1. Kindly state which strands (runs of 3 or more DSSP E) lie completely within the range 19-92 and contain at least 1 residues that are more than 13 Å from the ligand (Cβ to nearest atom) and in contact with a Gly (Cβ under 9 Å, 6 or more places away or on another chain).
2. When only residues in the range 60-106 that are under 25 Å from SER189 (Cα atoms) and more than 19 Å from the chain's Cα centre (by Cα) count, which is surrounded by the most Cβ atoms within 10 Å (Cβ to Cβ)?
3. When you look at GLU182, is it in a helix (DSSP H, G or I) and over 20 Å from the mean Cα position of the chain (by Cα), yes or no?
4. What residue, among those in the range 158-188 that are within 12 Å of the ligand (Cβ to nearest atom) and surrounded by fewer than 16 Cβ atoms within 10 Å (Cβ to Cβ), is nearest to ALA107 (Cα to Cα)?
5. May I ask you to verify whether ASP134 is more than 10 Å from the ligand (Cβ to nearest atom), touching a residue at least 12 places away in the same chain (Cβ under 8 Å) and in contact with a strand residue (DSSP E or B) (Cβ under 8 Å, 6 or more places away or on another chain)?
Amino acid sequence: MNETHPISIAIDGPSGAGKSTLARQLASALHFLYVDTGAIYRTIAYYAYANHLDPSDEAAVLAALPDIRIELCHDTEGLQRMILNGEDVTDAIRLPQISQYASVVSAYPGVRAFLLEMQRDFARKGSVIMDGRDIGTTVFPDAELKIFVTASPEIRARRRYDELQAKGEEGSYEEILENVKERDRIDTSRTVSPLRKADDAIELDNSHMTISEQKEWLATQFRKAAGAE
Ligand code: DC
């Protein structure tokens, strides 16, 4: 890894595997830009939802793309905020309906093509850590470091369930598990850029790891890729 050039780190994996926590922490330690690409797909999904488009109507979603202007900025705590046609939709894109819409619209080749250059542009400005589903396979096939983060569906559903409980929100474990499995099915079976581990990605199964163990593991992988170990 030649650190005089911008560096790209790709972190992919299924939903709820904890990619963003890890990616954000490493980005902050390295002073790299962190980009959560799921939030970008969610912003398109939110547009469809707010404008009463049927997400399964591919032609209608594609026809709306020219009306969608997405900006991404970071607040004082470094958290990524999503701006859709001038409106901050950061919180709205996390609603459960938007997760479902995002799974559907992100399978459309036209939507993926629309976002591809936008994602690559971030790396033209400097070093970046990006998380998503196809960063190591499609967006940055030449990334200096590729990590594939995974955990069993049951563990991911349990984490999501505990998160909701902690916030005092409703949700049954069985329903969440079904939802996790359904999103995995859609993400891995689409024809364009399906979720899969890039051949040269290093896998992290964090099913039985604490956050600090994962952080340590990732820092070690970065040092190795940088030639420091
Ligand atoms: O990571 P997330 O749950 O916020 O992602 C939302 C949806 O977007 C999810 O269904 C997968 C999809 N996605 C994608 O297809 N490609 C990416 N690079 C990132 C997310």
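Derivation of every value follows stated rules applied to the coordinates shown; laboratory data play no part. Computed from a predicted structure; not experimentally measured. Positions of Cβ are generated from backbone atoms using ideal geometry, with glycine treated the same way; all protein chains shown enter the neighbour counts.
1. 33-36, 70-74
2. Looking at residues that are under 25 Å from SER189 (Cα atoms) and more than 19 Å from the chain's Cα centre (by Cα), I get VAL61.
3. no
4. THR188
5. no
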